[in-house]
């Protein structure tokens, strides 16, 4: 009979992985540090660390808010892309009806349609597509094919919304990049200070049980992580 293997010990990590939890811990520890005048670090103080911790918490929130907006915008513009692609043949058909199948392609540029290999499309690059949609609406009017179900009443709202979404999506992407960079800078400093404080507690409370009690008092090793 083989011996039963000893159970693997499960240690609570000193710091949580998630930004939101780490930010909450940083604020708790910063406030605790302010009540412990004996606890000092050479490179920073409790008064300096508290605004860093709260600033990190704000940066995490800003990153989450910026990220929340992007999927909604991205889904909306993707739906418009699909609608444009499956409906463009209606515009081509209107030109064919007006000029015949052979002559119609000569007028495609008037409505923002370009040749891509063997196909005629609205440019897939979104900034170019936004401009092409405005050309399409203007072209329908100049070609006098703007009436009916697939005329400007159909295409103008699409062109307007698409031209709103493209810069909004670009702005959101930029906001996310800035928020991530700021958050990551704050996270590095917060992590460094938290580890330093834990080491000071370790050095001043050599008894393991007392050290763990002090960690909990400071806010470390919470059950949520």
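Checking the structure you have, find out if any residue of region 103-115 is at negative phi, part of a loop (DSSP other than H, G, I, E, B) and at pLDDT 90 or above. There is at least one residue in region 103-115 that is at negative phi, part of a loop (DSSP other than H, G, I, E, B) and at pLDDT 90 or above. Of all the listed residues (170, 138, 132, 159), the sole one being in contact with a strand residue (DSSP E or B) (Cβ under 7 Å, 6 or more places away or on another chain) and farther than 30 Å from residue 28 by Cα is 132. Restricting to region 53-85, name every residue that is farther than 30 Å from residue 219 by Cα and either in contact with a strand residue (DSSP E or B) (Cβ under 7 Å, 6 or more places away or on another chain) or loosely packed, with under 14 Cβ neighbours inside 10 Å (or both). Result: 71, 72, 75, 78, 79, 82, 83, 84, 85.
Filtering region 167-212 to residues that are at pLDDT 90 or above, surrounded by 13 or more Cβ atoms within 10 Å (Cβ to Cβ) and more than 16 Å from residue 49 (Cα to Cα) leaves 201, 202, 205, 211, 212.
Taking the criterion of being in a helix (DSSP H, G or I), exposed (fewer than 15 other Cβ atoms within 10 Å of the Cβ) and at pLDDT below 90, the only residue of region 11-47 that qualifies is 20. A residue that is loosely packed, with under 15 Cβ neighbours inside 10 Å, in a loop (DSSP other than H, G, I, E, B) and either modelled with pLDDT under 95 or at positive phi (or both) cannot be found anywhere in region 86-99. The residues of region 127-143 that are buried (at least 17 other Cβ atoms within 10 Å of the Cβ) and in contact (Cβ under 8 Å) with a residue 40 or more places away in the chain, listed by number, are 129, 133, 136, 140. If a residue must be over 21 Å from residue 156 (Cβ atoms) and touching a residue at least 60 places away in the same chain (Cβ under 8 Å), how many such residues does region 72-125 contain? Selection size over region 72-125: 1.
The values are calculated or read from the model by the stated rules, or taken from the named source; none is laboratory data. A quick note: this is a predicted structure, and the numbers were derived from the prediction, not measured. Virtual Cβ from ideal backbone geometry, glycine too; neighbours counted across all protein chains shown.
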